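Since the structure comes first, as structure tokens, the remarks are kept for the end.
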Amino acid sequence: MSEEILNAYEQGKRLGIVVEGSLSQGVEVKLDPEISVEDMAVGRYVTIDGKNRRFFGILTDVSLGAIDRSLSITPPDVSDPFIAKVVSGTSVYGKLHVLPMLAVAGILGIDEKPQPAKTVPPHFSTVRTASDEDIALIFGREDEHHFYVGNPLDMETKVCLNLAELVKRSNGVFGKSGTGKTFLTRILLVGMLQKNAATNLIFDMHNEYGWEGTKEGGGKVKGLKQHFSSQVAVFTLDEESSRRRGVSTDFVVEIGYDEIEPEDIEILRDTLKLTERAAQAAYRFRRRLGGSWLEKFVNEESRDEINALAKEWDEHEATIANLHRGLEGLMRLPFFKPKAREDSVRRILEYLDRGLNVVLEFGRYGDNIAAYVLVANLLSRRIHQRYRERTERSLGEGAQKPHPLVITIEEAHKFLNPAVASQTIFGTIAREMRKYNVTLLIIDQRPSGIDEEVMSQLGTKITCLLENEKDIDAVLAGVSGRSELRSVLAKLEPQQQALIFGHAVPMPVVIRTREYGSAESYRELGRGEKRGVTKDKDLWE
Amino acid sequence: MKTGEGELDILAIVHNASTRSIDPTRRPIARGEGELSEEDVFARNPQLEKLLRTEFQALVVGYVRDGAHRFYLPPRPARLHAFVYLCEPEEIQEFSRSLDFLSILTTSRIASGDELVSACLRLASEAQPDKEAFLVTAGKELSLLLGREPQRLNAILRRLRT
């Protein structure tokens with residue numbers, strides 16, 4: 001290797017040497033005496049210079065070591081600065097635990113892409129902090145596919161996500177309440193729009209993404225439409241609320257009773273506290289009475305009428321009463337109509353087909369979980385069906401596949417818990433992945449409530465601070481180096497920090513989320529507003 | 001101190017000194033009753049200079065050949081009747097550039113060896129441009145050598161403070 005290249009390549013600061021370890025457990029690094037353990041932080045990147053390879057690893061633990069056990073029984077007199085200076089780094093020293101993740105052949109790795117590490121560096125290899133160039137080598141630079149999401153801890157380098165890869169699979173954003181999930185999701189969505197990686201359909205529970213959102217601690221931040229006005233359409237279920245907030249909407253969504261299938265009701269069993277029999281009854285009614293069953297059913301009001309209905313339909317009275325109680329309140333929400341004025345799904349598809357991103361605001365009804373689950377499931381089912389038909393047709397005709405669609409849902413455990421994941425459309429989408437070019441972006445604060453199979457199918461997981469053991473386990477299930485990442489995850493700061501791992505990043509990374517909210521950040525993010533997707537061939541009809 | 005004539009200078013560290021009578025069978029007796037100072041004792045008893053002898057012992061820690069310092073035992077012992085010189089501060093500084101001699105000191109079986117280690121380092125530190133840095137470096141070397149004997153290490157380190 002020429003001196004010139006060596007000098008040109010910026011090397012990180014030396015931290016210490018590898019003293020022991022294994023590939024599965026990670027390697028132990030003895031810190032150099034002049035490096036203080038206090039300056040270390042889990043989640044940081046380090047590089048290890050092997051003889052023929054250069055390894056990239058993540059710092060997962062910091063510990064203290066002593067040359068002899070008796071030191072802890074008779075500690076040296078460190079109140080004397082001279083003695084303190086002497087013993088630090090010699091008799092007592094700091095240790096780092098590093099999980100090697102990637103390796104590149106050649107000590108500089110200029111020519112080659114990093115590959116997953118299949119071995120460990122030899123004894124006494126030098127360990128350094130990762131330099132900006134190292135990070136750029138791993139995560140790529142901002143370009144037409146790579147979107148800058150944040151910076152590694154204590155570094156100014158940009159960590160970029162490959163959005164084209166990201167949208168190929170379903171992804172999850174997790175974190176307990178108030179840790180910045182919405183904030184992070186907004187940035188991701190802006191990224192997808194900026195890089196034109198996918199068309200988005202967002203079920204916006206708390207009206208955070210369309211026109212403007214709220215900031216932690218008060219204040220407003222721009223939503224998608226303010227950045228990309230020509231590419232975003234805001235649909236609403238609650239016109240009045242949108243108007244009050246001063247949001248101009250493109251379409252007011254109404255759901256007809258006839259659009260609601262028994263499947264939609266079955267997934268609400270927990271939320272509406274329906275018995276199994278009651279949920280089953282919905283299927284029977286549908287079979288007997290066709291599309292109009294629900295209208296007829298909810299219009300019966302008095303106890304007597306319901307009892308009469310039970311008799312007429314040959315069902316148990318309690319079952320009918322249970323079902324009626326569950327549905328009655330829900331169907332009274334103003335956007336449920338006996339017959340919708342216009343087919344919402346069709347309108348959404350029209351927009352999506354033109355490459356426009358649709359944000360569906362729930363207005364005041366976002367807090368009604370049952371309504372959110374029902375509407376999201378119902379619309380997504382039909383949209384997915386159309387995408388599926390379209391993809392199959394495009395395969396048959398050798399035409400271009402539809403532009404990838406990403407459906408964003410919040411409170412995902414309501415759709416994807418083990419009891420209903422097999423029935424909801426979201427479970428299907430998460431499992432069949434990218435086959436039909438429709439993927440999910442799920443946002444949730446209780447990942448332990450999500451079906452394991454669905455979790456295992458998520459491509460990339462972005463997780464803010466989680467504290468509950470079960471949630472941490474659920475997020476990290478099946479990830480290599482899980483126990484190490486655990487300590488990283490549990491030590492994230494409560495805001496603006498996230499751990500990203502999975503398909504779209506070559507190795508797990510802890511980021512400080514990029515800034516969002518200042519004029520400059522808006523300028524950078526708004527860049528690249530563009531043309532809608534060209535409609536090559538009408539495959540919808 | 002050193003001994004040799006330039007071709008092979010043996011370096012050693014004094015670790016013991018004693019003054020006694022030249023005749024081992026005769027013990028010195030107390031003198032100087034009524035004298036005002038110690039000098040007066042010797043002035044009044046000029047024979048004492050001839051009857052008493054001072055001896056010292058030194059631990060060989062290395063040698064210099066062709067200008068290069070080695071920190072291990074020389075190929076041959078010092079000659080009989082070879083002259084012995086005190087090392088100059090420059091020579092001490094040059095020698096203490098490496099602290100390898102510490103391992104010889106700490107493993108020697110001489111009485112009060114740890115006193116020797118600290119005294120020797122204190123003396124060597126006087127010859128250094130940065131006394132403090134030298135002592136810290138030496139202390140670190142010692143803590144590696146004596147890692148398993150923290151009590152002993154602490155005792156030496158406390159004696160290094162000047």
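The values are calculated or read from the model by the stated rules, or taken from the named source; none is laboratory data. Because the structure is predicted, anything quoted here is derived from the model rather than measured. For neighbour counting, all protein chains shown are included, and Cβ atoms are generated from backbone atoms with ideal geometry for every residue, glycine included.
Each row is one residue, and each column tells you yes or no for (1) over 22 Å from A:HIS503 (Cβ atoms); (2) at pLDDT below 80.
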{"residue": "A:SER79", "(1), (2)": "yes, no"}
{"residue": "A:VAL86", "(1), (2)": "yes, no"}
{"residue": "A:GLY89", "(1), (2)": "yes, yes"}
{"residue": "A:HIS97", "(1), (2)": "yes, no"}
{"residue": "A:ALA103", "(1), (2)": "no, no"}
{"residue": "A:GLY106", "(1), (2)": "yes, yes"}
{"residue": "A:PHE124", "(1), (2)": "yes, no"}
{"residue": "A:ASP134", "(1), (2)": "no, no"}
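Counting only residues that are farther than 20 Å from A:LEU163 by Cα and among the polar types (S, T, N, Q), which one in the range A:401-442 is surrounded by the most Cβ atoms within 10 Å (Cβ to Cβ)?
Top of the filtered list is A:THR424.
I'd like the full set of residues that are aliphatic (A, V, I, L, M) and either within 21 Å of A:VAL190 (Cβ to Cβ) or in contact with a helix residue (DSSP H, G or I) (Cβ under 6 Å, 6 or more places away or on another chain) (or both), limited to the range A:399-428.
Within the range A:399-428, A:LEU405, A:VAL406, A:ILE407, A:ILE409, A:ALA412, A:LEU416, A:ALA421, A:ILE425 qualify.
As an exercise: evaluate B:GLU132 against (1) facing chain A (nearest Cβ under 9 Å); (2) surrounded by 16 or more Cβ atoms within 10 Å (Cβ to Cβ) and give the number of the one condition it does not meet.
(2)
Just wondering, is there one or more residues in the range A:167-178 that are aromatic (Phe, Trp, Tyr) and either farther than 19 Å from A:THR408 by Cα or modelled with pLDDT of 85 or more (or both)?
yes
Of A:VAL253, A:VAL247, A:VAL232, A:VAL221, which residue is in contact with a Gly (Cβ under 6 Å, 6 or more places away or on another chain), surrounded by 18 or more Cβ atoms within 10 Å (Cβ to Cβ) and over 30 Å from A:THR319 (Cα atoms)?
A:VAL221
With respect to A:THR126, is the statement that it is within 36 Å of the chain's Cα centre (by Cα) and assigned by TED's automatic domain parsing to the domain that holds A:VAL27 true?
The answer is yes for A:THR126.
Within the range B:2-13, how many residues are at pLDDT 85 or above and either surrounded by fewer than 16 Cβ atoms within 10 Å (Cβ to Cβ) or of a type in the set (Lys, Arg) (or both)?
Counting residues in the range B:2-13 that are at pLDDT 85 or above and either surrounded by fewer than 16 Cβ atoms within 10 Å (Cβ to Cβ) or of a type in the set (Lys, Arg) (or both) gives 1.
Among the listed residues A:ASP132, A:ASP154, identify the single one that is out of contact with any helix residue (DSSP H, G or I) (no Cβ under 8 Å at 6 or more places or on another chain) and outside the structural domain of A:GLY57 (by TED's automatic domain parsing).
Just one listed residue meets the conditions, A:ASP154.
Restricting to the range B:38-76, name every residue that is under 30 Å from B:THR25 (Cα atoms), touching a residue at least 12 places away in the same chain (Cβ under 8 Å) and outside any helix (DSSP H, G or I).
Answer for the range B:38-76, where residues must be under 30 Å from B:THR25 (Cα atoms), touching a residue at least 12 places away in the same chain (Cβ under 8 Å) and outside any helix (DSSP H, G or I): B:ASN45, B:LEU52, B:ARG53, B:THR54, B:GLU55, B:PHE56, B:GLN57, B:ALA58, B:LEU59.
Taking the range A:29-83 as the search range and keeping residues that are small (Gly, Ala, Ser) and more than 11 Å from chain B (Cβ to nearest Cβ), which one is surrounded by the most Cβ atoms within 10 Å (Cβ to Cβ)?
The residue in question is A:GLY57.
Checking A:GLY89 against (1) farther than 30 Å from A:GLU493 by Cβ; (2) within 14 Å of another protein chain (Cβ to nearest Cβ), only one condition comes out false. Which one?
Of the numbered conditions (1) farther than 30 Å from A:GLU493 by Cβ; (2) within 14 Å of another protein chain (Cβ to nearest Cβ), the odd one out for A:GLY89 is (1).
Considering only the range A:293-322, state which residues are within 17 Å of A:ALA279 (Cβ to Cβ) and either among the hydroxyl-bearing types (Ser, Thr, Tyr) or not assigned by TED's automatic domain parsing to the domain that holds A:GLU276 (or both).
Correct list: A:THR319 only.
Considering the range B:4-31 alone, what residues qualify as being touching a residue at least 40 places away in the same chain (Cβ under 8 Å) and either over 17 Å from B:PHE101 (Cα atoms) or not in a strand (DSSP E or B) (or both)?
Scanning the range B:4-31 gives B:GLY4, B:GLU5, B:GLU7, B:LEU8, B:ASN16, B:ALA17.
Among the strands (runs of 3 or more DSSP E) contained in the range A:65-174, which hold 1 or more residues that are closer than 22 Å to A:ILE17 by Cα and touching a residue at least 60 places away in the same chain (Cβ under 8 Å)?
A:92-105, A:126-129
Inside the range B:92-108, can you point out the residues that are within 14 Å of the chain's Cα centre (by Cα) and outside any helix (DSSP H, G or I)?
Of everything in the range B:92-108, those that are within 14 Å of the chain's Cα centre (by Cα) and outside any helix (DSSP H, G or I) turn out to be B:SER96, B:SER108.
Only one residue in A:VAL454, A:VAL420, A:VAL510 is more than 30 Å from A:GLN194 (Cα to Cα), of a type in the set (A, V, I, L, M) and either part of a strand (DSSP E or B) or touching a Gly at 6+ places or on another chain (Cβ under 8 Å) (or both), so which one is that?
Being more than 30 Å from A:GLN194 (Cα to Cα), of a type in the set (A, V, I, L, M) and either part of a strand (DSSP E or B) or touching a Gly at 6+ places or on another chain (Cβ under 8 Å) (or both) holds for just one of A:VAL454, A:VAL420, A:VAL510, which is A:VAL420.
Considering (1) at pLDDT 85 or above; (2) loosely packed, with under 13 Cβ neighbours inside 10 Å, say which one B:GLU33 fails and leave the rest.
(1)
Within the range A:312-319, can one find any residue that is of a type in the set (D, E, K, R), outside any helix (DSSP H, G or I) and crowded, with 17+ Cβ neighbours inside 10 Å?
yes
Output the number of the condition that B:ARG148 fails; it satisfies all remaining conditions of (1) buried (at least 16 other Cβ atoms within 10 Å of the Cβ); (2) of a type outside the set (A, V, I, L, M); (3) within 14 Å of chain A (Cβ to nearest Cβ).
(1)
Just give me the residues in the range A:286-303 being small (Gly, Ala, Ser), out of contact with any helix residue (DSSP H, G or I) (no Cβ under 6 Å at 6 or more places or on another chain) and part of a helix (DSSP H, G or I), in sequence order.
The answer is A:GLY290, A:SER292.
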